[in-house]
Structure formats: C-alpha cells, structure tokens
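Worksheet: one structure, shown below.
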Amino acid sequence: MNSQTKVAGVILAGGLARRMNNQDKGLIPYKGQAMVTYAIAAMRPVVDQLIINANRNIERYRQFGLPVVADQTDSFDGPLAGVLTAMLQVDSDVLLVMPCDSPLVREIHLRKLLEARAAQDADVAVAFDGERLHPVFLAIKTVLRDSLQAYLASGERRIGSWLEQQNMVIADFSQTPEIFSNVNTMAELAALEAEADA
C-alpha cells in the first residue's frame with residue numbers, strides 16, 4: 001500500500017441489536033472482554049486514526065480511549081449513516097470500516113481489505129467470503145462522502161445498492177469465511193464461544 005495514503009478506521013457500534021433484546025453488542029462480553037475490544041485490537045495497527053460510531057452508551061464506549069461519534073440523525077439509519085458520520089469526522093484518504101460484533105477478524109484480514117482497494121485504486125473494496133459480500137467490511141475512499149450524503153438524504157438506506165454505484169472491487173476471503181461469524185443473538189454468542197474453546 002502507498003505509504004502516503006492516510007487511513008482512518010471506524011468501528012460500527014451504532015445499531016439497535018433488536019435480535020439481542022436491544023443490548024449494545026459492542027459491550028457484550030466475548031471470552032471475558034467486550035466485543036468491541038477485538039475490533040479495536042484488529043484496527044489499531046493498520047490505521048492512523050480510529051473512532052467508534054455509537055448511538056447509545058457513549059460514555060461507556062469512551063472508556064476504551066477512543067473518540068466516539070454518533071450518527072448525524074437519531075433515527076438509527078443503519079451502517080451507511082455510521083460510515084458517513086466517520087467520513088465527516090476523519091482526516092484521511094481512505095476509511096476502513098468494520099462492525100463491533102465480529103471478534104474473529106484480525107489485523108491481517110483488514111490489511112488484505114486495504115490492499116485489495118489500493119491494488120486497483122478502486123473507490124471501495126468489500127469483503128467477500130466466497131458466497132456473499134459482507135458490506136460492513138469496507139476500505140473506502142473518503143471522497144465518496146458527498147455521494148453517500150446525497151444517497152442517505154434521498155431516503156435510501158440499503159448499503160448494497162449504494163456500493164453497486166461505486167467503482168468497487170472485492171477482497172476475496174473465500175479461504176477463511178469463518179472470520180465473518182458475527183453475533184446477532186445470545187445463542188450465536190454462546191455457539192461462537194463454544195467453538196473457540198473446542
């Protein structure tokens with residue numbers, strides 16, 4: 001990757017987690033640590049600046065020692081709202097995006113995402129597990145902020161539809177699809193912990 005390219009990172013923790021009884025997923029323990037700590041550990045080595053996007057429990061998120069920014073609106077408009085919020089806050093050419101609830105993703109995987117985008121100077125690289133895209137794992141040029149702002153202002157929220165409008169490449173993770181195991185229910189959390197201990 002070009003050493004001149006400044007990269008910022010955002011950890012998306014702004015959702016309502018309806019399937020987890022509205023608990024704040026980033027703060028739920030996985031193997032004894034809040035899930036967001038795994039995202040922080042993966043992100044820190046690969047970005048120049050790191051922020052958390054959260055709409056609840058902001059003081060608790062601040063205890064992790066990072067800036068915490070809320071969406072521009074209070075209507076929980078989905079991951080793109082968090083991406084836009086970050087784009088408006090950071091001073092970088094590229095924004096690296098990941099959610100707070102994927103504790104198996106590591107630094108090496110995030111570097112692969114950045115390298116996939118840089119190799120073709122694409123507007124955005126999206127993670128692909130061999131079967132489907134994971135559109136909350138992105139390396140994205142921050143110059144797209146105006147396009148994203150207009151898309152959200154039009155009332156659209158679907159992340160896939162907006163990404164399809166961009167110069168997009170995929171980062172192929174078909175050899176390691178299990179890293180995208182995320183946690184949407186307490187049962188999934190228990191299963192993920194059991195697998196890790198197996």
Inset, instruction - Can you sort Arg132, Arg106, Arg56, Arg117 by 1.4 Å-probe accessible area, starting with the largest? - result: Arg132, Arg106, Arg56, Arg117
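For the chain, what's the relative contact order in percent, using C-alpha pairs closer than 8 Å and at least 6 residues apart? Before the final figure, lay out the partial values.
Working: 369 pairs, mean separation 48.4, N = 198.
RCO, the chain: 24 percent.
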Inset, instruction - For the chain, state the semi-axes of the equivalent ellipsoid (square roots of 5 times the eigenvalues of the alpha-carbon gyration tensor), sorted largest first and rounded to whole angstrom. - result: 24, 20, 16
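So for Phe180, Phe64, what's the accessible-area order with a 1.4 Å probe, most first? Let's see the in-between values first.
Values: Phe180 15, Phe64 55 Å².
Of Phe180, Phe64, the descending order of accessible area is Phe64, Phe180.
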Inset, instruction - With all protein chains present, calculate the accessible area of Leu104 using a 1.4 Å probe and round the result to the nearest 10 Å². - result: 50
Inset, instruction - When a/c is below 1.5 the answer is rounded, else prolate if a/b is larger than b/c, else oblate, so apply that to region 45-104 with a ≥ b ≥ c taken from the square roots of the Cα gyration tensor eigenvalues. - result: rounded
Inset, instruction - Would you tell me the accessible area of Tyr151, worked out with a 1.4 angstrom probe on the heavy atoms of the protein chains, in Å² to the nearest 10? - result: 20
Inset, instruction - Tell me which residues come under 5 Å, amide H to amide H, from Tyr30 once H is placed; ignore anything under 5 positions away on its chain. - result: Met35
Inset, instruction - Take region 102-158, drop everything but the C-alpha atoms, weight them equally and run the Debye formula without solvent; then report log10 I(q)/I(0) at 0.13, 0.15, 0.21 Å⁻¹ to two decimals. - result: -0.41, -0.53, -0.90
Inset, instruction - Show the residues, 5+ positions off or on another chain, whose built amide H is closer than 5 Å to the amide H of Val69. - result: Ile52, Asn53, Ala54
Inset, instruction - Just read off the accessible area of Met98 with the full protein assembly in place, 1.4 Å probe, to the nearest 10 Å². - result: 0
Legend entry - region 85-198 - share of DSSP beta bridges that are antiparallel (%, nearest 5): 65
Inset, instruction - Sort Ser92, Ser181 by accessible area with a 1.4 Å probe, largest first. - result: Ser181, Ser92
Legend entry - Label point distance in nm, Ser181-Asn57, each placed 7 Å from Cα along Cα→Cβ: 2.1
Inset, instruction - Run down the lysines and flag those whose C-alpha is under 29 Å from the C-alpha of Lys141, throwing out any fewer than 8 positions away in its chain. - result: Lys6, Lys25, Lys112
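Among DSSP beta bridges whose residues both lie in the chain, state the antiparallel percentage, nearest 5.
Values: 11 of 30 bridges.
So the antiparallel bridges amount to about 35 percent of the total.
Can you tell me the accessible area per residue over region 45-193, all protein chains present, probe 1.4 angstrom, in square angstrom? It would help to have the intermediate numbers written out before the result.
Details: 6860 Å² over 149 residues.
That works out to 46 Å² per residue.
Compute the whole-percent fraction of alpha carbon pairs in region 119-198 spaced more than 21 Å apart.
Working: 1382 of 3160 pairs.
Tail of P(r) above 21 Å: 44 percent of Cα pairs.
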Inset, instruction - Take the alpha carbon atoms of region 132-179, find their center, do the same for region 50-103, and report the distance between the two centers in whole angstrom. - result: 16
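Just tell me, in residue order, which DSSP H segments of the chain are both 27 angstrom or longer along the helix axis (alpha-carbon based) and at least -0.5 in mean Kyte-Doolittle hydropathy.
What comes out of the filter, once short or polar helices are dropped, is none.
The values are calculated or read from the model by the stated rules, or taken from the named source; none is laboratory data. All values derive from a computational prediction rather than experimental measurement. FYI the Cβ positions are ideal-geometry reconstructions off the backbone, even for glycines, and counts take in every protein chain you see. Note: accessible area is taken over every heavy atom of the protein model, side chains too, but ligands, DNA and RNA are not part of it. Shrake-Rupley method; radii C 1.70, N 1.55, O 1.52, S 1.80 Å.
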